1. Using alpha carbon coordinates only, what is the Rg to Rh ratio of the stretch 53-191, with Rh defined as the Kirkwood radius?
2. In whole Hz and in residue order, list the ³J(HN,Hα) couplings for the stretch 125-133 that follow from phi through the Karplus curve 6.51 cos²θ - 1.76 cosθ + 1.60, θ = phi - 60°; x for Gly and Pro.
3. Report the normalised scattering of the stretch 329-370 as log10 I(q)/I(0) at q = 0.21, 0.26 Å⁻¹, calculated by the Debye formula with identical scatterers on the alpha carbons.
4. Loop-only trypsin sites (Lys or Arg not before Pro) in the stretch 114-192, please: DSSP not H, G, I, E or B, and at most 16 other Cβ atoms within 10 Å.
5. Take the eigenvalues of the Cα gyration tensor for the stretch 290-342, scale each by 5, and report the square roots as semi-axes in whole Å, largest first.
6. So which lysines pass the test for LYS126, namely a Cα distance under 21 Å, with those fewer than 8 places away in the same chain ruled out?
7. Taking only the C-alpha atoms, wrap a convex hull around the stretch 233-382 and report its volume per residue in Å³ as a whole number.
8. Using a Förster distance of 25 angstrom, determine the FRET efficiency expected from the C-beta separation of SER358 and ALA139, and round it to 0.05.
Amino acid sequence: MPSVAPRAIVPRRRSYRFAIAAALLVLLHSNGAAAAATDCPLRDRPFSVDSPLLDVLLSAEARRVVDREVPTLLAALPERLRKLDTPAFAAILTLRMAVTSQNLDVELLDKLDRALRAEKVTAADKASRCARYDDDPIAHLPEPGRPAILVFQKINGFRDAPSVDAGERALRAIAARRGWRMVVTDRGGAMTAKTLDHFDAVVWNNVSGDVLTVRQRAAFRHYIERGGGFVGIHGAGGDLAYFWDWYADDLIGTRFKAHPTAPSFQDARIKVDRPGNTITRGIDGSWVMNDEWYSFFSNPRATGSNILLTLDETTYSPKGAGTDISMGDHPIAWTRCLGDGRAFYTAIGHRPETYADSNNARFLEQAIAWAAGKGRTRCHQGHEHFVSIRRHMP
């Protein structure tokens, strides 16, 4: 992404008849207008300096408050931050973040925050906030009998089309090679308990921005914690601001800080942290690749993640917007267990060429298989365990 200078857990069980036939890909690309949802997470939240910048820009009254308190603030925003149609960069940036570069006095920022909070959130404000969400269901679900993967790519924030398209092509190729069933959608309405029960894993392909309603969030979290699988690729963990703490802090396990800017794309050496792991087996112990390298505010190793790949920071320049963004120990891919659910995240995947890299392609394929419950380990009550009998996924 571009830089702006931050119960009991019940396992899901399925039996499969593994076929040798070629893959059947059921690809859903919804065209036409989405049905706007009404239970978006920020619908009733008061305006503040921690609101999405987009929500402030969409409200004439909130803009008037900002112009009254800090007359030059909005006018000084770059054009790309003033875009109102989603996907929009203003959806993944708070007003506080947008004014950081303007060195606004703390007292003035607090005064602005109080003035915004005093502003009434109108019915029109609520409607505009919810307009970027949807309740559109998936029209076609996969037939039972083979592993099924849902590729989710609804984007309200930053959309880098080459990354998304290359990721989708790679995922389609993996499914064809493995004989998996696959559905691709850009609709949040796919996140229902009934729909998710048809899938072994959900891949968030460079998803950016807050994209799920309150009910969809609950369904997705329930699916994961009761034994579902999650794969997050690059931009799915690269937003500057998140408005769903569980997604950022528990599912991903850390928050994006920055990436290098001079230049953005650099060669760097990747090192395997867990050789022989079900996901890293068969790939080189280290290799050099060119990509946009994320740094994070906290080390996911410290939050219970099982680190798979790290970056050798001596092989590239970890500086973003002129500041040092090095991490020392620098994970870029890992797994996590949430209840009985399996979560995998990789920060690799901005440049389309990364999906053709032989090591990364195998790594991603094996990660999806693990997330779908077909690796040598399982998650149970938040911990990863080896299984006594290894089951293979086609």
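1. Numbers: Rg = 20.4 Å, Rh = 18.0 Å.
Radius of gyration relative to Kirkwood radius: 1.13.
2. 4, 5, 5, 5, 5, 8, 5, 8, 9
3. Result of the Debye calculation: -0.74, -0.97.
4. Answer in residue order: LYS120.
5. Working: eigenvalues 119, 25, 17 Å².
Rounded to whole Å, the semi-axes are 24, 11, 9.
6. Partners found: LYS83, LYS154.
7. Numbers: hull volume 15.1 nm³, N = 150.
Considering the Cα atoms of the stretch 233-382, their hull volume per residue is 101 Å³.
8. On the way: r = 36 Å, r/R0 = 1.43.
Once rounded, the FRET efficiency stands at 0.10.
The values are calculated or read from the model by the stated rules, or taken from the named source; none is laboratory data. Because the structure is predicted, anything quoted here is derived from the model rather than measured. All Cβ positions, glycine included, derive from the backbone under ideal geometry; neighbour counts span all protein chains shown. All accessible areas refer to the heavy atoms of the entire protein, side chains included, with ligands and DNA or RNA removed. Shrake-Rupley method; radii C 1.70, N 1.55, O 1.52, S 1.80 Å.
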